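Everything below concerns the one structure shown next.
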Amino acid sequence: MLILPGSKVYGAAVRRETEAWGSSFVLQERWSIEYSYPAIAAYRNKIITGSSGTTWIDFLKGQFGRFERALSLGVGTGWIEEALLRRGLVNTIDLSDLSQSAVEHVSNRLSELDPTVKVNVHVQDANFIRLEPESYDLIVCHSILHHVINLEHLLYQLNLSLKKTGMLVVDEFIGPSRFQWSNQVCDIVNSTMRSLIQGKGFRPLVLPERAVMAMSSPFESIRSSELAPLLEFQFQENVILEQRFMGLLYPAIWTLDFSDWEDVGLHKTVEKCIELDRTFTKTALLPPCFLFGIYRKSRRQISSVKPLKDYQVRQLLDPIWSATPLRLAKWIMGPLLGHPRPRRVV
């Protein structure tokens, strides 16, 4: 899949995306539930590094030491970049994001945190990005690739820009594009959670309306289901570490109320979900929703792809073309009926 520059529909979608992720509210929002809730964070650490108290950044520092030059693609709120500096992982870091306000916000925070680290700012569209060959020792892609349409182009550019001994770190949502879980997955998640919660505050997993997503965050999980196969093709012979997980746990988050993190009942439910997630992952009962990987520079190159036609771009990004009236009505009325709306993957 390939989108070409110059499309008016694409330009409008970029403006909506920039507003969505560059707002002061989003920039002040530090972490999302799937990364910050203590039991879930410990579970992620255990899967990725083998220790619930060791993050992937700790693992990277312990195994490979300090990196001379790093690129963070899609900076978001900046907590990943802050963690890299706190652990003394980089000498120079380049920040790249679609939003001017986002990169400036994160750059200011990093400069205050450690003035000795050189911070470079780039306002770039990842769909059309051009990177200098063999320029980075470390590239971090945290929750950005699932927002990209031109994945083949971007993965080629990332691989090209790695030095011969450079590494790419990917921490990404790889679940169904536009959060469109199958009926079977919804049934399994809902029946499992209904039994765990025992009817108290249960909110069934419902599919978000594509048109609403196209209005609010047009690129959210736009090709997420294709990401894992593309990474496998590009880096299959150069994998240092790769884990896939949260087939149950992530959609289960949508059915739970996290307004009170001190709620003992919530904690017990999450712990049960984690145990079941381990089982579901081993038995492949549910497909994983997240992938964490560390990859070396590859010699492989993804073949060229055909550009999208205008009507295909509209189907992807135009809210009107994406709308299904009945589902859109259900989506709008959902909160009144006790149904959850999707949480951002940040």
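FYI, it's all coordinate maths here, none of it is from the lab. Owing to the predicted nature of the structure, the values given are computational and were not obtained by experimental measurement. Reconstructed Cβ throughout: ideal geometry from the backbone, glycine too, with neighbour counts over all protein chains shown.
Helical runs assigned H by DSSP (4 residues or longer) give the chain a calculated mean residue ellipticity at 222 nm of -13500 deg cm²/dmol, each run adding -39500 (n - 2.57) before division by the residue total. Phi-derived couplings, Karplus 6.51 cos²θ - 1.76 cosθ + 1.60 at θ = phi - 60°, listed residue by residue for segment 67-73: 10, 5, 9, 10, 10, 10, 9 Hz, with x used for Gly and Pro. Packing here is the average count of other Cβ atoms within 10 Å per residue, and on that basis the peptides 122-129, 173-180, 309-316, 72-79, highest first, run 72-79, 173-180, 122-129, 309-316. Each of the peptides 133-144, 42-53 was scored by the mean count of other Cβ atoms within 10 Å over its residues; in descending order, highest first, they stand as 133-144, 42-53. For a straight C-alpha distance cut-off of 22 angstrom, the lysines reachable from Lys306 (same-chain residues fewer than eight places away being disregarded) are Lys8. For the pair Val264 and Val239, the difference between a 0.36 nm per residue extended length and the Cα-Cα distance amounts to 5.1 nm.
What are the semi-axes of the equivalent ellipsoid of segment 96-156, taken as the square roots of 5 times the eigenvalues of the Cα gyration tensor, listed largest first and rounded to whole Å?
On the way: eigenvalues 104, 41, 20 Å².
Whole-Å semi-axes of the equivalent ellipsoid: 23, 14, 10.
Taking every Cα-Cα distance in the chain and sorting them into 20 Å bins from zero, the calculated P(r) comes out as 29, 61, 10 percent. Once both labels are positioned 7 Å from their Cα atoms along Cα-to-Cβ, the gap between Asp257 and Glu82 label points is 2.9 nm.
With K and R counted +1 and D and E -1, the other residues having a Cβ less than 13 Å from that of Arg87 yield a net charge of -1. The lysines whose alpha-carbon is closer than 26 Å to the alpha-carbon of Lys282, local same-chain residues fewer than 8 away aside, are Lys46, Lys268, Lys272.
Which GluC sites (Glu not before Pro) in segment 170-233 pass both tests, a DSSP loop state and at most 13 other beta-carbon atoms within 10 Å? Hits after loop and neighbour filter: nothing returned. Among the trypsin sites (Lys or Arg not before Pro) in segment 187-244, those placed in a DSSP loop whose Cβ has at most 13 other Cβ atoms within 10 Å are Lys200. Each of Leu113 and Asp310 was given a label point 7 Å from its Cα along the Cα-to-Cβ line. The distance between the two points is 4.5 nm. Summary value for segment 71-114: 50 percent relative contact order, contacts being C-alpha pairs under 8 angstrom separated by 6+ residues.
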